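A quick write-up on the structure given underneath.
All of the numbers you see were taken from the coordinates with simple rules; none came from a lab. No experiment lies behind these values; they were computed from the predicted model shown. Because the Cβ atoms are built from the backbone with ideal geometry, glycine has one as well, and the counts that use them run over all protein chains shown.
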Amino acid sequence: MRATTPNKSDKSKNLSESSRRTRPPKPFGASTGATSAAKARPKGAAATEPLESGEMVRLNKFISMCGAASRRKADELIEQGEVIVNGKVITELGFKVHRETDEVMVSGKPLREPRRKLYILLHKPKDAITTTQDDQSRRTVIDLLGIDGRVYPVGRLDRNTTGVLLLTNDGDLATRLMHPSYGVEKEYIAALDKKFTRADLPKLTGGMRLKDTGEKVSECAAEILGDGLSVWLKIHEGKNRQVHRMFWSLGYDVKKLERVRYAGLTVGNLRRGEWRRLLPDEIRQLYKQVRLEPEF
Ligand code: URA
C-alpha cells in the first residue's frame, strides 16, 4: 500500500479533532517501495507532457477568450468585416487562428489572450528546492517540471521534504492558499529519531509555543502511527519549518517528512518527481476553500 493510503488499523483514539479529520496514512516504511529512490524517476506522460501551446482555435472562440465579445457577437463582427487577422480582413466564420502567434484585431483594437492559468500538482522528491531559480545550481522543483518558470510553488517545502506541492501562475489563488487566515489543511507524516510519547500528544496538538522563537502555533490534529516512530499531523498554517520546529520543541528530531495531503489533494499514483495538471473540479475545490469565485 502506498504511504498516502489511510491506515485502517490505527484507531481514532488519539485524535484532537476526530470528527473533521481524514484517517492518517501508513507510517514511513509501510509502503510497497513504489516511491523508493530507485523507482523515483519521472516516467510516463504525466511527468513529461509538454504544456500545450500554439493551438489553433476558431476565430470566434479566440475573440471570446480574449473577452472582446461573446462567440455569437464575434460571428457578427466577423461577418461585418470588423475582424483582421495578420493584416487581412477575415469574414469566414470557421476561420482558425494560432492562439499565440496570430495578430488579431477587432474593430481596430488588437487582442491579447489573457495568460493561461496553470495548476500543477508535483510529487516532490528529496533534494529539490522549492524556488524557481537557485544560484548554487541545485535542483529546483521547476527543473523537475521542465516548463521554465511559468509557474510558482504555492508555499515552501524543505529541500528534503517529499510529497504534495502545488505550483501555479494564478497569483490570487496562491496568495490565499498560503495565507493562514484561510486555514488550508496540510497533513504530514513525520518520522522521528525516537518513539513519540503518548503524554506529549496534547502538548503537540494543543497550540504549543515554538521553543526557538516563542511563536505560538494553532491547535492541530495528530496521531501516533504504527510503532510510535512516526506521527501524522494536520496543521492549518505554514510557518517556516513548522513541523520540524514543533517536534524539536518537544525534544524530537524529524528524520523524514512527507506532506501527504494539501488542501485535500494527495499525490495519488504519481511517483516522486512526477506531476500532473489539476482537474477542473480540483481547481474549483481550491477556489472554494479560499472563498474565491472561479472564472471558469
Ligand atoms: N514543516 C517543515 O518543517 N518542513 C516542511 O517542509 C514543511 C512543513
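How much net charge surrounds K61 when only other residues with a Cβ under 11 Å from its Cβ are counted (Lys, Arg +1; Asp, Glu -1)? Taking every other residue near K61 into account, the sum is +1.
D by Stokes-Einstein for the range 46-173, Kirkwood Rh over Cα pairs, 10 °C, 1.306 mPa s: 93 µm²/s.
The fraction of all Cα pairs in the range 198-239 landing in successive 5 Å bins from 0 to the largest distance is 6, 22, 29, 25, 14, 5, 1, given as whole percents. Taking all Cα-Cα distances within the range 56-110, those exceeding 16 Å account for 25%. Scaled against the 2.2 N^0.38 Å expected of a compact globular protein of N residues, the Cα radius of gyration of the range 162-233 reads 1.34.
With viscosity 1.567 mPa s and temperature 4 °C, the Kirkwood radius over alpha carbon pairs of the range 117-289 converts through Stokes-Einstein to a diffusion coefficient of 78 µm²/s.
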